[in-house]
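The values are calculated or read from the model by the stated rules, or taken from the named source; none is laboratory data. As the structure is a prediction and not an experimental result, all values here were calculated from the model. We place every Cβ from the backbone using ideal geometry, glycine too, and count neighbours over all the protein chains shown. Just the protein is used for accessible areas: all its heavy atoms, side chains included, with ligands, DNA and RNA removed. Shrake-Rupley method; radii C 1.70, N 1.55, O 1.52, S 1.80 Å.
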Amino acid sequence: MMEPRDLASPAPWRRLLASRPFVIGGILLVVLVLAAALAPILAPHDPLRGNFRLRLAPPGPLHWLGTDHFGRDILSRLLFGARLSLAIGAATTLASGLAGTLIGASAGYFRRLDEPLMRLMDALMAFPAILLAMAVAATLGASVGNVIIALAVATTPHTSRVVRASVLVVRELEFVEAARSIGATETRILLRHVLLNCLGPLIVRLTYVFAIAVLAEAALSYIGVGPPPPAPSFGNIIAGGRDFLVTAPWITIAPGCAIIAIVLALNLLGDGLRDVLDPRLRP
Amino acid sequence: MLVAFLFRRLGGAAVVFLLVSMLAFLLVWLIPGDAVAVLLDAAASPEETARLRAALGLDRSPLAQMLAWYGGLARGQLGHSLLLNRSVAEALLERLPITLSLTALALAIAVVFGTSAGVGAALAHGGWLDQLLMGVALFGLSVPDFWLGLLFIIVFALGLGWFPTGGFVPISESLAGWARSMTLPGLALGLTQMGFIARMARSSMLDVLGQDFVRTAEAKGLSRSRIILAHALPNAMVPIVTVIGIVTGALLGGSVVIEQVFSIPGVGRLIVGAILARDFPVIQGGLLFLAGVYLLVNLIVDLLYAVIDPRVRLA
Amino acid sequence: MKTTFGRRTMLATGAAALACPTVLRAQARGGDAVLAIVQAPPSLDAHVTSAQAARNVNLHLYETLFARDENARPVPDLAAGVRISEDGRTYVFPLRSDVRFHSGKRLEAEDVVASLDRCRRIGASASLLAAVDIVTATKRDEVTIRLKEVQATFLDNLSSPRAPIAIYPAEEAAKPANQIAFIGTGPFRFVEYRPDSHVRLERFGDYVPNPNARGRDGFAGRKEVSLNSATFRFMPEAGARTAALEAGEIHVVESVDGPTARRLQGNPRLAVYRALPFAFQVIKFNHALGPTADVRFRRAIVAALDMEEIMAVSFPDIFELDGAWIFPGTAFHTRDGTERYNRPDPALARRLLAEAGYRGERLTFIVDNLRSNVDTATVVQQRAREIGVAIDLSVSDWPTVSRIGFTPTGWHFWAHGFGIEPFEGPGSVMAPWVNGLSQQRPDPAIDAMFADLNRALDVSERQRIFARFQAHMWEQAVAIKAGNYGLFQAATRRLHDFVPYRIPRMWGVRLDA
Amino acid sequence: MTTGPVLVVDGLTTELRRTTATILEGVTFSIAEGETVAVVGESGSGKSMLALAVMGLLPRAIRRTAGSIVLGGTDLAALSAGEVRARRGRDLAMIFQEPLSALNPVMRVGTQIVEVLTRRRGLPSHAARAEAIRLLGRVGIARPAERFRAFPHELSGGMRQRVMIAAALAAQPRLLIADEPTTALDVTVQAQILDLLRDLKRDIGLALMLITHDLGVVAELADRVVVLYAGRVAEIAPATTLFDSARHPYSRALLASRPRAHGPRSALVPIEGAVPTAGTMPAGCRFRPRCSLATVSCASPPPLHAAGPDHLVACWAVQ
């Protein structure tokens, strides 16, 4: 039987700080976020401004990670790219969290809504997310906002299922009965008790959504439906190097490593959170 | 029981199908531009555009197009591609073996290596091998598959010349050629999913190894290999099989990008091309088709689940 | 000899021998050439597409009554010649009697009538036949076309390779768009089309090279094939194309970027060809919306740009700076107006901006996802930023961009290449600006010049009109021509007699075993 | 009634690997052929640990640090892991508290017996099948040939425990360790399983080590009783002696907590306090904090000494 948990209590925090993946992932992420936040200070060059006489320069003292075919500094573009990547990831996570909670909680709590909502989610899940995002981008045009919409649409079905599963478990617990018996309204029960107790699995899921969003944004940009150029998104940088795999492989390699660092940090963080917050989930 | 189960599931699938086709139509309505633009260069006059649009049947109202399409579907027809000079069904069927062989190879790589790594890690629980394997699995999860594909191209195709940079050779033409053309994309796609399966297999195996019946088997004095292979693994497979369903979905999605990277003429590339070229009947048919594959895989997973675990009732 | 040894073709063989004695040298037939082309043809139904990628394949399969020679002049191809009536409104085309379709059927007048009718009905360049009143089969092998009015450019139109007015068998010409069997009269016949993979063509055994022509000549001429087959593989990834060429999997690459071309030149087994000029890069303005409607603003942008930078980034190592709206070395090339080309002057740009009253509104640069076009847009955006103009890039696929770009709203700038237009001649270069099609606001001066051009029968008169048009384009900054660009093509040295052209022609070449 | 000892455990000590806190300490007892020895104590007293230690199935986190486990003349503690494995199932077998979880849920019950017969006794598969069905019949399962093909979840709790017993008997062990074999079962089924064990003991002459906290079970089945408290032996006595005149205060407290006659289980009177956990063991007598008779001398650990014929007790208060 699942115990109602109080996330505000210090115990989870202490356990989190004792979790090695959480601490390593957390430190890595903080470093990356700082690098992104301080990009204007750290970046040695203007990420958008190129010198076409220095195009496709290999890594060297002037450009540590080389330049692209505009002669733009890859390192500077990566630093600014991290901002974009993290911002898109964070916004997707927020959107997926809100929509997923709304849909999942409604489906789990109001029985009549369950079937139609879940069928709709099934239909969305049956679409490969990348094609869905392509279609959205083709429809609305490629922009940062539309990438977020596309990724949120693609990740919401799974998030809503996580929330629904938790709601189904929690709603049957005694303390919900207790709340109902003292005359709490349905909405209040849903908000106060059920959702609070679904927060653990949701936080864990959203950490992974963040990681998925960073990966998917890169794939979308690579296919050409990501944030429009000259935005230095990781996927855009990789796509820009596609024609120069032989002559300038550094354009392709460096942003991939940056993606790995961010996603690795998020996955570690998610593992740590999962171990502490959601003992039921153990993939 | 099985029949009732299948019946119920097919009913659910029909609903999802209908929703998918409606979503596809919605997209087709919303996406600006049409196939005429792909056929014409930038200097085409408005009259030429209109004439060609009429020739392709694109001047009908969206509602008329939708009704015509559902009418065709009712007769079992997916319609005719606007550009490919063949029916949508033909276009899909000629791509099917390609995408299937790619996803099957990637799935095999992911399952075989993932399960072995996961089981190995569970058996070495807490040791250096466990840490190493799980580190690799986590790393695998964090690598973008398309980027891994590009890296493979740089190193193994362009650098060492061991494999072609892309394209597809049918098995019927040459088994060695097929293997060479599928190795890099299969690995790029499979390795990233391998991490997922390895983590699942490890935790599932650890879970099972801690269970009473394993202790019973120990108490019976059975050999270690017998305990692992005959007792622990079949039980550990139950959650792994569930993950395989999810992984297959991810692989189908991943194959869309990998087919771009390696220029493989699969279903994903067909649909991407159709979206870019506004070949609406192909978009419709292709999305419906992928949804069908996804639903079918999940149905198979459910059946497999029941085969592996006699406690599961198909209801 | 490169023709078949069938009895039927012996006559033609003799004629060919007269025409080009060099061919008499013993040449082994054979070879299966594989070409890498960047984009797949959107359709193999030649009538319905004017895309460059389609021409690569379709002009091997199909032929037209008249075709363009190496210098883009119309010459007879399937027609044996033409008789034009005194009033200039009746064209009589006797057909060559030795032509067969890939299906084995003989070419007859009814096929030409059906094909021309189909082009007028659903063709992508139906407007080329706009002057046609009626097409009739006056004999079994003679077609007569009656025009509504005199048109000086009618033979140019009929021979346009843009969306070729290809001659299909009558029964195929009766079919709807994109639902035909691919049967033509060309030197190659269709074998297989695998979308996203390749098109495979085979030498057409019963092909009779045009006995009236001398040697290989543009899209016309004697198309003698020694290859057994030609396979066009669609390879969008640049790295994959060159790797396949270096590995010997393919024999010809349609397009190679500058740095790669430089690297390949060091490979003794490969030959690198330059096709320059192949096209030119144009930045269009929307004259119907916002600041770009103001000529001062447009001039400010012109003054802000360094064309060398645009071209060097977008087309590394294979561009030439030229402000003329037609290729150098052709009859219509002129310097009129080009004194305004490539004079970067940021101070002037800022002054013009101020005069235009630009207030910092954000402008939209639409561009399709072809790399060179995105690169052009990116450089323009960067330069504009430096004089204080804020531009957002809106990158979409071609259908979306072209849908938006032919409407008066939603865009201010649009960049893409003009390839076939300058090849076709002054009329084709001017046409996109007539009725405000490309700039979204009719320009009476251009419309008048275009009408004059169509009426003028004298070449020097036409040259004067085009020079005026070019000066007008620069003076009014109607659009910016950034420069000419070309293609690096690469092929194995085993492929002999290859000459780059509008398409990688696979006739007249030889592949050693 | 007793002949030679089947099992002699002497000075068995185990500890947690990580903290080196002791779990079992100096446990000493023996089981004769055909004898049933019950090991009793509250949960946490180390009963199950003792059973697992004898089986050589201690969890990874726990290790044996001293003592010997002599089975049929061989010290199991001196054998390698592989050699102990070879003994399990043949010389000694074990049945567990939860027959559902102790059976492999995805394997047919027949197969779970057959694998012992083929792999431990070397029977050919055909003979093994016949023997397994015979064993199923022997442990009182009706229509054994049919049940042979059943999965564990298709059987009732009592039947599952019978399957467990059949699998344990399959290798014809000299010693059967039964860890709370009836706890998870209904009262009526409990009685049936106890009857079965008694029959087997009588018919096969099986030595039985019965781990239980249920003194009712002890009274029905046991010849001798080992009372375990916090990992140490508190008292060893023949069952009748213990019930009549237990000497250790803990044994007495246990007996006092037993419901009079056959009242409902809820009438159990709990002993005040709780069994100390590993690492928090009090010095000296481990029962001291809960003992009403505790004196100063209890500050040092009491040795096990004779308190009568065949009766050992570890308490300073008992002379």
Quiz item: Across peptide C:173-182, what mean number of C-beta atoms from other chains lies inside 10 Å of a residue's C-beta?
Solution: 4
Self-check item: Coil-residue trypsin sites (Lys or Arg not before Pro) of region B:1-97, DSSP, other Cβ within 10 Å capped at 11
Solution: B:ARG75
Practice problem: Give, ordered by residue number, each residue of region C:246-277 whose 1.4 Å probe accessible area is reduced by a minimum of 40 Å² on adding the remaining protein chains to the chain alone. | Solution: C:PRO259, C:ARG263
Exercise. Taking the convex hull of the Cα atoms, report for the protein assembly as shown its projected area averaged over all directions, in nm².
Key: 65.6
Self-check item: Dipole magnitude (debye, nearest 20) for region B:88-314, charges at Cβ of Lys, Arg, Asp, Glu
Solution: 420
Quiz item: So what is the calculated 222 nm ellipticity per residue for chain A, using -39500 (n - 2.57) for each DSSP H run with n of 4 or more, over all residues, to the nearest 500 deg cm²/dmol?
Solution: -23000 deg cm²/dmol
Quiz prompt | In Hz, Karplus ³J(HN,Hα) per residue of region D:11-21 (6.51, -1.76, 1.60; θ = phi - 60°; x = Gly, Pro) | solution = x, 5, 10, 10, 9, 6, 4, 6, 9, 6, 6
Quiz item: Using +1 on the beta carbon of Lys and Arg, -1 on that of Asp and Glu, and nothing else charged, what's the dipole of the protein assembly as shown about the Cα centre, debye to 20?
Solution: 1840
Self-check item: Solvent accessible area, Å² - B:LEU40, 1.4 Å probe, full protein context
Solution: 10
Self-check item: Set of region D:155-169 residues, backbone N closer than 20 Å to the point 7 Å along the Cα-Cβ line of B:ARG226
Solution: D:163-169
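With a 1.4 Å probe, how much accessible area is buried between chains A and B, both sides summed, in Å² to the nearest hundred?
Between A and B, the summed buried area is about 3600 Å².
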Exercise. State in Å² the accessible area per residue of chain C; use a 1.4 Å probe, count heavy atoms of protein chains only, and round to the nearest integer.
Key: 35
Exercise. At a probe radius of 1.4 Å, figure out the D/B buried accessible area, summed over both chains, and give it in Å² to the nearest 100.
Key: 2200
Quiz item: In nm, to one decimal, how far is the C:GLU149 label point from the D:THR280 one, both placed 7 Å along Cα→Cβ?
Solution: 10.6
Quiz item: How large is ³J(HN,Hα), in whole Hz, for each residue of region C:32-40 in order, when computed from phi with the Karplus curve 6.51 cos²θ - 1.76 cosθ + 1.60 and θ = phi - 60°, using x for Gly and Pro?
Solution: 10, 7, 10, 10, 9, 10, 6, 10, 6
Quiz prompt | Mean-position separation - Cα centroids, region C:35-109 and region D:235-257, in angstrom | solution = 112
Quiz item: What is the magnitude of the charge dipole of chain A about its Cα centre, with +1 placed on the Cβ of each Lys and Arg, -1 on the Cβ of each Asp and Glu, and no other charges, expressed in debye to the nearest 20?
Solution: 140
Quiz item: Within region D:106-181, which trypsin sites (Lys or Arg not before Pro) sit in a loop by DSSP and count at most 14 neighbouring Cβ atoms inside 10 Å?
Solution: D:ARG149
Quiz prompt | Residues with amide H under 5 Å from that of C:ASP392, placed H, sequence gap 5 or more | solution = C:LEU363, C:THR364, C:PHE365
Quiz item: Each label point is 7 Å from the Cα along the Cα-to-Cβ direction; what then is the distance between the points at C:ASP497 and B:VAL312, in nm?
Solution: 6.7
Quiz item: D for region D:1-120, whole µm²/s, Stokes-Einstein with Kirkwood Rh over alpha-carbon pairs at 20 °C and 1.002 mPa s: what number?
Solution: 135
Self-check item: At least 20 Å² of accessible area lost relative to the chain alone, listed for region D:92-108 with a 1.4 Å probe
Solution: D:PHE96, D:SER101, D:ALA102, D:ASN104, D:PRO105, D:VAL106, D:MET107
Practice problem: Enumerate cysteines in chain D without a disulfide-compatible partner, where compatibility requires another Cys Cβ under 4.7 angstrom. | Solution: D:CYS291, D:CYS315
Practice problem: Could you rank D:LYS47, C:LYS105 by how accessible they are, 1.4 Å probe, largest area first? | Solution: C:LYS105, D:LYS47
Practice problem: Compute the separation of the alpha-carbon centres of region D:278-319 and region D:1-77 and state it in Å as a whole number. | Solution: 20
Quiz item: D:ILE177's amide H: which non-local residues (gap 5+, or another chain) put their own amide H closer than 5 Å, with H modeled 1.01 Å from N in plane and none for Pro or chain starts?
Solution: D:ALA93, D:MET94, D:ILE95, D:MET209
Exercise. Express in Å², to the nearest 10, the accessible area of D:THR280 obtained by rolling a 1.4 Å probe over the protein heavy atoms while all chains stay in place.
Key: 90
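Share of antiparallel DSSP beta bridges in the protein assembly as shown, in percent to the nearest 5?
Antiparallel bridges: around 70 percent, rounded to the nearest 5.
Determine the shielding of peptide B:240-247 by partner chains: average, over its residues, the number of Cβ atoms on other chains within 10 angstrom of each Cβ.
Mean partner shielding for this stretch: 1.
Expressed as a whole percentage, what fraction of the accessible surface of region C:277-487 belongs to carbon and sulfur atoms when a 1.4 Å probe is rolled over the protein heavy atoms? Write down the numbers at each step before the final one.
On the way: 3720 of 7060 Å².
Roughly 53 percent of what the probe reaches on region C:277-487 is carbon or sulfur.
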Quiz prompt | Summed buried accessible surface, chains C and B, 1.4 Å probe, nearest 100 Å² | solution = 3500
Quiz item: Sorted by packing (mean other beta-carbon atoms within 10 Å per residue), highest first, where do B:161-172, C:316-327, D:231-242 land?
Solution: D:231-242, C:316-327, B:161-172
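Let me know the number of lysine pairs in chain C closer than 25 Å at the Cα, not counting same-chain pairs under 8 apart.
Close lysine pairs found across chain C: 8.
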Practice problem: Mind listing the long-range amide H neighbours of D:ALA38? Cut-off is under 5 Å, sequence gap 5 or more, other chains count too, H placed in the peptide plane at 1.01 Å from N. | Solution: D:LEU210, D:ASP223, D:ARG224, D:VAL225, D:VAL226
Quiz item: Rank A:ASP46, C:ASP458, C:ASP196, D:ASP179 by accessible area, highest first, at a 1.4 Å probe radius?
Solution: C:ASP458, A:ASP46, C:ASP196, D:ASP179
Self-check item: In region C:453-513, the trypsin sites (Lys or Arg not before Pro) that fall in loop regions by DSSP, at most 13 other Cβ within 10 Å
Solution: C:ARG493
Quiz item: Can you list the residues of region B:134-159 whose accessible area drops by at least 20 Å² going from the chain on its own to the full set of protein chains, with a 1.4 Å probe?
Solution: B:LEU138, B:PHE139, B:LEU141, B:SER142, B:PRO144, B:PHE146, B:TRP147, B:LEU150, B:LEU151, B:ILE154, B:LEU158
Quiz prompt | Selection from A:LEU132, C:PHE278, B:ILE308 lying farthest towards where the dipole of the protein assembly as shown points positive, charges on Cβ | solution = B:ILE308
Quiz item: Applying the Karplus parametrisation 6.51 cos²θ - 1.76 cosθ + 1.60 with θ = phi - 60° to the phi angles of region C:426-434, what ³J(HN,Hα) value in whole Hz is obtained for each residue in order, glycine and proline being reported as x?
Solution: x, x, 5, 6, 7, 3, x, 9, 7
Exercise. Mind jotting down the distance between the C-alpha centroids of region C:405-460 and region C:320-357, whole Å?
Key: 17
Quiz item: Any idea of the accessible area per residue across region B:88-314, 1.4 Å probe, to the nearest Å²?
Solution: 33
Quiz item: What is the average number of partner chain Cβ atoms found within 10 Å of a Cβ in B:47-53?
Solution: 5
Self-check item: Heavy-atom accessible area ranking, 1.4 Å probe, most first, across A:SER76, C:SER394
Solution: C:SER394, A:SER76
Practice problem: Whenever you get a sec, compute what percent of the accessible area on region B:66-161 sits on carbon and sulfur atoms (1.4 Å probe). | Solution: 75
Quiz prompt | Where labels lie 7 Å past Cα in the beta-carbon direction, separation of B:ALA179 and D:ALA219 in nm | solution = 7.5
Exercise. Roll a 1.4 Å probe over the protein heavy atoms and report the accessible area of C:ARG274 in Å², nearest 10.
Key: 130
Exercise. Taking only protein heavy atoms into account and a 1.4 Å probe, give the accessible area per residue of chain D in Å².
Key: 42
